Amino acid sequence: MSSLLKRVGTTYIPVANPKDSSKWYQNVLGAFENYVDHDKAILDFADQSFFLVRAKEGERLGFTDYKGNQHFGVTFEVDGLNALRDLQAELHENGVSVGEVEDRGHAGNNFVFKDPDGNVFDVWSELRKS
């Protein structure tokens, strides 16, 4: 059976201040801002649309699994291990909280990073085949 769903259109990210967060995503991740107001910012990056939505204090993207481990809600992809290490170094140089490069027992390597609101994201060194 072929999938009727073609792609993910938008990801929503909870933030404290959409205008400030939008600036961070533009400066650090190269996002393009399409719209911003007091309640939300609409950005394009990583070939997708992201809404930064003003949320209640303490709201974060992600979840805690049954073992108590924190999980990210989004994994970004780069083209190879060198690109992964370069991005990790660039984020670190920009003051972003980044984790170590990990081998999780599957193809490629990963690391995690956090935005200023504490949202955790994953980056994978393998490009998904389209």
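FYI, it's all coordinate maths here, none of it is from the lab. These figures come from a predicted structure and were not determined experimentally. FYI the Cβ positions are ideal-geometry reconstructions off the backbone, even for glycines, and counts take in every protein chain you see.
A few points about this structure:
- Counting every other Cβ atom within 10 Å of each residue's Cβ, Tyr25, Tyr66, Tyr35, Tyr12 order from fewest to most as Tyr66, Tyr35, Tyr12, Tyr25.
- Computed from backbone phi with θ = phi - 60° and the Karplus coefficients 6.51, -1.76 and 1.60, the 3J(HN,Hα) list for segment 23-30 is 4, 4, 4, 5, 5, 8, 10, x Hz; x is used for glycine and proline.
- Our summary gives the chain a relative contact order of 21 percent, counting only alpha carbon pairs under 8 angstrom and 6 or more residues apart.
- Under the Karplus curve 6.51 cos²θ - 1.76 cosθ + 1.60, θ = phi - 60°, whole-Hz ³J(HN,Hα) for segment 11-19, x wherever Gly or Pro sits: 10, 9, 10, x, 9, 7, 9, x, 5
- Cβ crowding within 10 Å, taken as a proxy for footprinting-reagent exposure, orders Thr75, Thr10 from fewest neighbours to most as Thr10, Thr75.
- Near Ser97, the amide H atoms lying under 5 Å from its own belong to Lys114; only residues 5 or more places off or on other chains count, and H is placed 1.01 Å from N.
- Taking amide H as placed 1.01 Å from N in the peptide plane, the amide H of Trp124 sits under 5 Å from that of Phe76, Glu77, Val78, each at least 5 places away or on another chain.
- Beyond 22 Å in Cα-Cα separation lie the following of the pairs Lys23/Lys114; Lys67/Lys129; Lys23/Lys129; Lys19/Lys56: Lys67/Lys129; Lys23/Lys129.
- With K and R counted +1 and D and E -1, the other residues having a Cβ less than 12 Å from that of Phe51 yield a net charge of -2.
- Using θ = phi - 60° and Karplus 6.51 cos²θ - 1.76 cosθ + 1.60, couplings along segment 3-8 (whole Hz; Gly, Pro as x): 6, 7, 7, 9, 6, 8
- Distant-in-sequence amide H partners of Asn34 (H built 1.01 Å from N, under 5 Å): Ile42, Leu43, Asp44
- Value of relative contact order over segment 60-130, rounded to a whole percent, pairs C-alpha under 8 Å and six or more apart: 37
- Segment 44-130: trypsin sites (Lys or Arg not before Pro) in DSSP coil with no more than 10 other Cβ atoms inside 10 Å: Lys56, Lys67, Arg104, Arg128, Lys129
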